[in-house]
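Single-structure report; data block below.
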Amino acid sequence: MEIEIRPATERDDEELMEIVEEVSLEGGIEMVYARRPTFFRGAFIEGYSVQVLVAEDKENKKIAGTITRAKRKVWLNGEVREIGYLSTLRVRREYRGSPAFFKGLLFLKKLHEKDPVPFYLVSLIEGNSYAYRMVKGKGILPEFFEYGSYITHAVFLKKRIKEGDVEVVRGSENMLDDIVLCIQRNGKRREFYPYYTPEDFGTPLLYGLSPDNFYVAIKSGKVAGVLGKWDQRDFRQFRIEGYRGWMRGIRPLYNTFAKITGYPVLPPPGSVLNFFYACFPAVDEDDPRVFYSLLSRLHNDAVGKYSYFVIAFSPDDPLLRVLKGLRKEIYPAKLYMVAWERPEIKKGIPYPEVAIL
């Protein structure tokens, strides 16, 4: 078997979309992560420099696997630093255990040596045994240093909630500089918080996100906090493929219960989950009144239009307490720094932004 590792091109687009959808999330719900109508649009939000690699079976003219290497700017220990990010590691079932995976990792190491970063950030959902099997104990890879955990919250949007008492307005192009300044000064107090400038808006890095997608809190005539709303369904989707085991039989009964209690129903196979990301929360002094005002306004504007929204925090993040009392499901995950030597950084409160993971 002759395996060639090379950068992906536009002609690989259809196969890349197929490979991503071959791996479904484990559990009673068979759900796939899709990137349609093009794989690359979803990749470009992961960093300002993105390299999509493919392992091609030359004999059968078929892509055996893929991985994406990106470089992004983040806040780290109070400074803007450039780090790497690894994502979308996929190997077709028939090639697992073949040279494709190991050749890809060797190629990735050569890329790193030519264009090094201090470490690569990797996010793994707890219980994602496919990902753990792929990365653990392979030798070729650098070491995985666990940084900490973060929890993704899917907040249900069945009915309106009481709104906060701080003034909240919708963002606009005229407010873009103030929105970005708020994100920068508060992102500086977190670890891995993405660093952006006003010039990044309107580029592939923030595709589909504009100033009017932000909610802006005003105190004493000044911006005191912001929260974004990023609907990515036109380029990144979670699609229900089916239901396994007891979930298949119980779905009709569960949906009756869900409609009564306010939980989201289990949609039919083929459905794309109807949600958005509540992204880039930035609140001066982590004021819970300000964040609740932002969150409640965003929440109420979305009722009747979406089933839920997604937001993620570290268990140590002071903004997390504002989510208490909201009806939601939680999904724990782990953050790793992938490097050949342990990175010398001080630990803090991580905020890697789930919308670009």
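In summary, E341 fulfils each of the numbered conditions (1) at pLDDT 95 or above; (2) charged (D, E, K, R); (3) out of contact with any Phe, Trp or Tyr (no Cβ under 8 Å at 6 or more places or on another chain) with the single exception of condition (1).
Limited to segment 231-282, what total is found for residues that are of a type in the set (D, E) and surrounded by 14 or more Cβ atoms within 10 Å (Cβ to Cβ)? Total meeting the criteria: 2. Restricting attention to segment 1-43, which residues are closer than 19 Å to G104 by Cα, among the acidic types (D, E) and in a loop (DSSP other than H, G, I, E, B)? The one that is closer than 19 Å to G104 by Cα, among the acidic types (D, E) and in a loop (DSSP other than H, G, I, E, B): E2.
For segment 58-78, which residues satisfy the criterion of being more than 29 Å from R189 (Cβ to Cβ) and either hydrophobic (A, V, I, L, M, F, W, C) or not in a strand (DSSP E or B) (or both)? Once the filter is applied, which keeps residues that are more than 29 Å from R189 (Cβ to Cβ) and either hydrophobic (A, V, I, L, M, F, W, C) or not in a strand (DSSP E or B) (or both), segment 58-78 yields K58, E59, N60, K61, I63, A64, I67.
Check segment 47-56 and report whether any residue there is assigned to a helix (DSSP H, G or I) and farther than 21 Å from L206 by Cα. Step through it out loud before you land on a result.
So the first thing to find is which residues in segment 47-56 are assigned to a helix (DSSP H, G or I), and the list is none.
No: segment 47-56 contains no residue that is assigned to a helix (DSSP H, G or I) and farther than 21 Å from L206 by Cα.
For the residues K109, K103, the requirement of being in a helix (DSSP H, G or I), of a type outside the set (S, T, Y) and without any contact (Cβ under 8 Å) to a residue 40 or more places away in the chain singles out K109.
Output yes when any residue across segment 172-186 is outside any helix (DSSP H, G or I), crowded, with 16+ Cβ neighbours inside 10 Å and not polar (S, T, N, Q), and no when none is. Walk me through it before giving the result.
We begin by selecting, within segment 172-186, every residue outside any helix (DSSP H, G or I); these are 172.
Now drop any that are not crowded, with 16+ Cβ neighbours inside 10 Å, which leaves none.
For segment 172-186, residues outside any helix (DSSP H, G or I), crowded, with 16+ Cβ neighbours inside 10 Å and not polar (S, T, N, Q): absent.
Check segment 200-209 and report whether any residue there is at pLDDT 95 or above, of a type in the set (V, I, T) and surrounded by 21 or more Cβ atoms within 10 Å (Cβ to Cβ). Checked against the condition, which is being at pLDDT 95 or above, of a type in the set (V, I, T) and surrounded by 21 or more Cβ atoms within 10 Å (Cβ to Cβ), segment 200-209 yields no hits at all.
F291 - would you say it is touching a helix residue (DSSP H, G or I) at 6+ places or on another chain (Cβ under 6 Å) and at pLDDT 90 or above?
On the way: touching a helix residue (DSSP H, G or I) at 6+ places or on another chain (Cβ under 6 Å): yes; at pLDDT 90 or above: yes.
Yes; evaluated as a whole, the condition is true for this residue.
Could you tell me how many of the residues in segment 83-100 are closer than 20 Å to F144 by Cβ and not in a strand (DSSP E or B)? Steps first, answer last, please.
Initially, segment 83-100 is screened for residues closer than 20 Å to F144 by Cβ, giving 83-91, 96.
From the residues that got through so far, the ones that are not in a strand (DSSP E or B) too are 96.
Here the count works out to 1.
The values are calculated or read from the model by the stated rules, or taken from the named source; none is laboratory data. Nothing here was measured: the structure is a model prediction, and the numbers come from that model. Note: ideal-geometry Cβ built from the backbone for every residue, glycine included; neighbour counts use all protein chains shown.
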